[in-house]
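Have a look at the structure below before the remarks.
The values are calculated or read from the model by the stated rules, or taken from the named source; none is laboratory data. Values in this document were obtained by computation on a predicted structure and should not be read as measured data. Here the Cβ positions follow ideal geometry from the backbone for every residue, glycine too, while neighbour counts run over all protein chains shown.
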Amino acid sequence: ILFLAILFEYPNWMLNAVLISASRQKTMLVFGAAGLAVKVIFNALLIPRFGFNGAAVSTLAGEFAIFAGVFAAIHFRLMRLPLFVAVVKPLAVGCAALAGYWLVQRWSVAAGLVFAALLYFAGLFLTRTVEKSEWGALFSGILAGTRPK
């Protein structure tokens with residue numbers, strides 16, 4: 001169950017980057033708080049009856065709430081996002097990364113995490129979910145932050 005929640009977290013990171021670049025941090029805060037409220041309410045209702053499975057469902061519901069709200073806010077207020085590019089591609093890439101983690105984590109959890117991250121970034125590049133120019137802007141910003149002043 002928790003595996004499914006991770007599939008919404010990947011696109012959430014990308015959509016949050018869109019909001020940050022558009023100076024819409026308040027929108028992120030609103031939908032993050034709404035997702036937290038969903039998680040707290042669902043936890044209170046589900047954990048006593050279903051234990052850790054209830055907690056996993058709560059996490060899934062909260063992450064989906066955040067995703068749906070942020071996607072709708074971007075789609076209707078900033079720009080029309082094609083559902084395939086914004087959702088399906090990152091979810092497919094996320095599934096591949098999680099499958100890679102699942103295979104490698106048997107030997108080492110740390111190696112599984114590194115392998116999954118590499119698969120995810122490679123998948124985003126290969127599916128052209130993130131364009132070459134966007135990668136350049138990302139890495140130049142990272143490198144600019146690491147240079148001595």
So which residues in the range 113-149 are outside any loop (DSSP other than H, G, I, E, B), at pLDDT 60 or above and of a type outside the set (A, V, I, L, M, F, W, C)? Tyr120, Gly123, Lys132, Ser133, Glu134, Gly136, Ser140
Whether any residue in the range 56-76 is at pLDDT below 85 and in contact with a helix residue (DSSP H, G or I) (Cβ under 6 Å, 6 or more places away or on another chain) is what I want to check. no
Surrounded by fewer than 17 Cβ atoms within 10 Å (Cβ to Cβ), assigned to a helix (DSSP H, G or I) and among the aromatic types (Phe, Trp, Tyr) - does that describe any residue in the range 65-76? yes
Somewhere in the range 93-116, is a residue under 13 Å from the mean Cα position of the chain (by Cα), surrounded by fewer than 16 Cβ atoms within 10 Å (Cβ to Cβ) and free of Cβ contacts under 8 Å to residues at least 40 places away in the same chain? no
Name the one entry in Val18, Val30, Val40 that is in a helix (DSSP H, G or I) and in contact (Cβ under 8 Å) with a residue 40 or more places away in the chain. Val18
